[in-house]
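The values are calculated or read from the model by the stated rules, or taken from the named source; none is laboratory data. This is a predicted model, so every value here is computed, not measured. Cβ: placed from backbone, ideal geometry, glycine included. Neighbour counts: every protein chain shown.
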C-alpha cells in the first residue's frame with residue numbers, strides 16, 4: 001500500500017510538466033495533420049492522438065486517489081456504448097469500426113476532463129501550466145502562420161481570404177484561436193507587465209480580426225467587453241488595461257467594412273445573388289421546357305413537381321446522392337420547397353438534412369441510443385453533419401445526448417454554487433476569462449460545430465472545464481457532489 005502511495009506521489013510531480021507538454025504539441029500535431037492531409041494520409045496523426053488519449057487516461061488513473069470514481073465514470077460510458085452497439089447489431093451494422101472511431105472522438109471530451117481534474121488535484125502547478133502552455137501554443141500558432149507566409153505557402157479560411165496558415169480546418173482553428181487568445185490575455189494580465197499585456201492584446205485580437213470568420217470577429221468584442229466588466233468589478237486601477245481594450249474595439253470596429261469577414265461575406269452574398277438571378281429567370285420563363293416526364297401539381301405550392309426539378313437543376317449534382325436515396329419529392333419536402341439560392345447552395349444544410357431524414361426513419365429504440373456513423377454514408381460519400389447538436393443527438397440518441405449535456409451542465413452548476421457561496425472571490429478576471437472561453441466554444445459549436453468530434457478542439461474545452469472544477473471545488477470548497485454526499 002505504501003509503495004502504491006509513493007508511486008502516485010512521485011508520478012504526480014510530473015503532472016504539470018506533462019500537461020504543458022500536451023498543450024504545446026497540439027498546434028504541432030495540427031500542422032502535421034495539415035501536411036499529411038495534403039498528401040492524402042491522416043492515419044499517422046489519428047494514431048498519435050489515440051495513443052495520446054490512452055497515455056493521458058492511464059497516467060491520470062495511476063496517480064488518482066479515487067480510482068473507484070474512474071470505474072464508475074467509465075462504467076457509465078461502457079454501459080451506454082454496449083446499448084448502442086447491441087442496437088447496431090439489432091438493426092444491422094454497416095461499419096462497426098467507423099462507429100467505434102466516432103464514439104472515441106465524442107467520448108474524448110469527458111474522458112480528458114476527468115484526467116485534467118486529476119492532474120489539477122494532484123499537482124498545484126497544473127493550472128499555471130495550462131495558462132502558460134496555452135500562451136506558448138498561441139506563440140507557436142503565430143509562428144506557424146508567419147512561416148507559411150515567409151515560405152509563400154499560406155492557406156486561407158476561405159478562397160484567398162482569412163489568415164489560417166498551416167492548419168487544415170478553418171472552423172476548428174477559429175475555436176482553438178479564441179480559447180488561446182483568452183488564455184494568453186489571462187496569462188499576460190497576471191504577469192502585471194503592461195507591455196506584455198499590450199503585445200498579447202495586439203497579436204491576439206489582431207489574429208481574431210484577420211482570421212475572417214464570424215466566430216473570431218465577434219469574439220473580439222465579447223472578450224474585450226467581458227474583460228472590461230471584470231476589471232471594473234475587481235477595481236483594476238491601471239488605465240493601460242482599459243485603454244488597450246477600448247482601442248482594440250475601436251480599431252476593429254472602425255475597420256469592419258474592410259475586414260476579411262465582411263470581404264468573404266460580400267463574396268458569398270454576390271455569389272448567391274448571381275445564382276438567385278438564374279433561379280428567378282428560370283421561374284419567370286413562360287416557355288420553360290418540362291424535361292422530366294409526367295408532371296403533377298403539389299397542393300398549396302406555386303409550382304408543379306417538374307417546375308421544381310427545373311429550378312433545382314443547377315444543384316442536382318450536389319443533391320444526387322440524397323435524391324437517389326430518398327426520392328426527389330421527399331427531398332423537396334424536407335427543403336420546404338425553397339427556391340432560395342442561399343439555402344440550395346448551403347452544403348452544411350444539405351448534410352444536416354440527410355442526417356435528419358435518416359433520424360426520422362429510425363425506430364424508438366434506435367432514437368434512444370443513436371444510429372451508427374455509416375448511416376449517413378450515401379453512395380460511398382459520408383455526409384457527416386457539421387453542427388454539433390445533430391451529431392450528439394443522431395449518433396448518440398436521447399440517452400447519449402442527455403449524458404453529454406448533463407456533464408457540461410454539472411460545471412455550470414458548480415460555478416453557480418461557487419458564485420452564490422463566495423461571489424467576490426470567484427468573480428475574478430481569471431474565472432471570467434475561463435468562462436468566456438467556455439461560452440465561446442459552446443456558441444461556436446452550435447453555429448459551426450467542430451467541438452464534439454474534433455479531438456484537437458475538445459482537448460482545450462476539457463482543460464477549461466477542469467479549470468472550472470479547480471477554481472470552484474479545489475480553491476473555493478464547493479462540494480463536488482452538490483450536497484448528495486459529504487465531501488471532506
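A few notes on this one:
- Scope the range 361-393; condition at pLDDT 95 or above and assigned to a helix (DSSP H, G or I); matching residues: 364, 365, 366, 367, 368, 369
- Residue in the range 181-191 that is more than 28 Å from the chain's Cα centre (by Cα) and not assigned by TED's automatic domain parsing to the domain that holds residue 310 present: yes
- Single condition residue 152 does not satisfy, out of (1) over 18 Å from residue 247 (Cα atoms); (2) in a helix (DSSP H, G or I); (3) modelled with pLDDT of 90 or more: (2)
- Among (1) surrounded by 19 or more Cβ atoms within 10 Å (Cβ to Cβ); (2) more than 21 Å from the chain's Cα centre (by Cα); (3) not in a helix (DSSP H, G or I) - the single one residue 476 does not satisfy: (1)
- Selection status of residue 417, touching a helix residue (DSSP H, G or I) at 6+ places or on another chain (Cβ under 9 Å) and without any contact (Cβ under 8 Å) to a residue 12 or more places away in the chain: no
- Which listed residue is part of a helix (DSSP H, G or I) and touching a residue at least 60 places away in the same chain (Cβ under 8 Å), from 138, 209, 202, 187: 138
- Those residues of the range 338-360 which are part of a loop (DSSP other than H, G, I, E, B), touching a helix residue (DSSP H, G or I) at 6+ places or on another chain (Cβ under 7 Å) and free of Cβ contacts under 8 Å to residues at least 60 places away in the same chain, in sequence order: 338
- Qualifying residue in the range 221-234 (condition: part of a helix (DSSP H, G or I), under 30 Å from residue 315 (Cα atoms) and under 25 Å from the mean Cα position of the chain (by Cα)): no
- Index of the failed condition, residue 187 passing every other in (1) surrounded by fewer than 18 Cβ atoms within 10 Å (Cβ to Cβ); (2) within 16 Å of residue 241 (Cα to Cα): (1)
- Scanning the range 314-328 for residues that are free of Cβ contacts under 8 Å to residues at least 24 places away in the same chain and farther than 19 Å from residue 380 by Cα gives a single hit, 328.
- Some residue of the range 266-278 being within 30 Å of residue 458 (Cα to Cα) and either out of contact with any strand residue (DSSP E or B) (no Cβ under 7 Å at 6 or more places or on another chain) or at pLDDT 95 or above (or both): yes
- Close pairs from the range 64-88: first assigned by TED's automatic domain parsing to the domain that holds residue 394 and without any contact (Cβ under 8 Å) to a residue 40 or more places away in the chain, partner in a helix (DSSP H, G or I) and buried (at least 16 other Cβ atoms within 10 Å of the Cβ), Cβ under 7 Å, at least 6 apart: 77/107; 81/103
- The range 1-48, subset modelled with pLDDT of 90 or more and outside any helix (DSSP H, G or I), residue nearest to residue 139 (Cα to Cα): 14
- Checked against (1) at pLDDT 95 or above; (2) within 21 Å of residue 143 (Cβ to Cβ); (3) surrounded by 21 or more Cβ atoms within 10 Å (Cβ to Cβ); (4) within 26 Å of the chain's Cα centre (by Cα), residue 212 passes all but a single condition, namely (1).
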